[in-house]
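The values are calculated or read from the model by the stated rules, or taken from the named source; none is laboratory data. Just so you know, these numbers come straight off a predicted model, no measurement behind them. Cβ placement follows ideal geometry from the backbone for every residue including glycine, while neighbour counts extend to all protein chains displayed. Protein only, heavy atoms only, side chains kept; ligands, DNA and RNA dropped before computing areas. Shrake-Rupley method; radii C 1.70, N 1.55, O 1.52, S 1.80 Å.
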Amino acid sequence: MGEFKFQVLNPLLHSELRLKIMVALDSLKSADFMYLCQITDSTRGNVSTQITTLKEAGYIEVSKSGFGRFSRTTCCITERGHEALQAYETGLRRLFSERVPEAEGENKKLG
């Protein structure tokens with residue numbers, strides 16, 4: 001039997017806050033920055049940092065309108081982001097449904 005390894009999950013989406021942002025944007029298609037802060041129960045600084053990471057990965061687009069106190073930041077998921085999120089969900093489902101083969105010899109499961 002070949003060497004068993006679990007499927008690798010996308011580390012960019014494995015962060016709880018980034019995952020929440022991506023799930024929200026996939027559902028809503030776009031969302032205001034402050035709304036993302038509210039529904040994720042996170043600070044503006046944390047959400048801003050994660051949005052930057054997701055934007056740099058090409059998973060979301062960020063647009064700004066207005067200026068100063070009246071500026072508004074809106075985020076929307078990209079096709080690449082949608083595909084990455086779907087692959088992540090599929091990977092999680094596989095992870096929970098995989099059956100780990102029993103080890104042979106000295107590595108055999110104890111108990």
Please name all residue pairs, on different chains or six or more residues apart, with Cβ atoms under 7 Å, provided the first residue is in the stretch 13-41 and is without any contact (Cβ under 8 Å) to a residue 60 or more places away in the chain and aromatic (Phe, Trp, Tyr) and the second residue is part of a helix (DSSP H, G or I) and open to solvent by less than 40 Å² (accessible area, probe 1.4 Å). 33/47
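Going by the conditions given, is residue 48 surrounded by 14 or more Cβ atoms within 10 Å (Cβ to Cβ) and part of a loop (DSSP other than H, G, I, E, B)?
no
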Residues in the stretch 69-94 that are farther than 17 Å from residue 26 by Cα and either of a type in the set (Phe, Trp, Tyr) or touching a Gly at 6+ places or on another chain (Cβ under 6 Å) (or both) total 2
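To keep it simple, each residue is scored yes or no on (1) surrounded by 15 or more Cβ atoms within 10 Å (Cβ to Cβ); (2) touching a strand residue (DSSP E or B) at 6+ places or on another chain (Cβ under 6 Å); (3) within 30 Å of residue 103 (Cα to Cα); (4) among the small types (Gly, Ala, Ser).
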position	(1), (2), (3), (4)
5	no, no, yes, no
12	yes, no, no, no
20	yes, no, no, no
82	yes, no, no, no
86	no, no, no, no
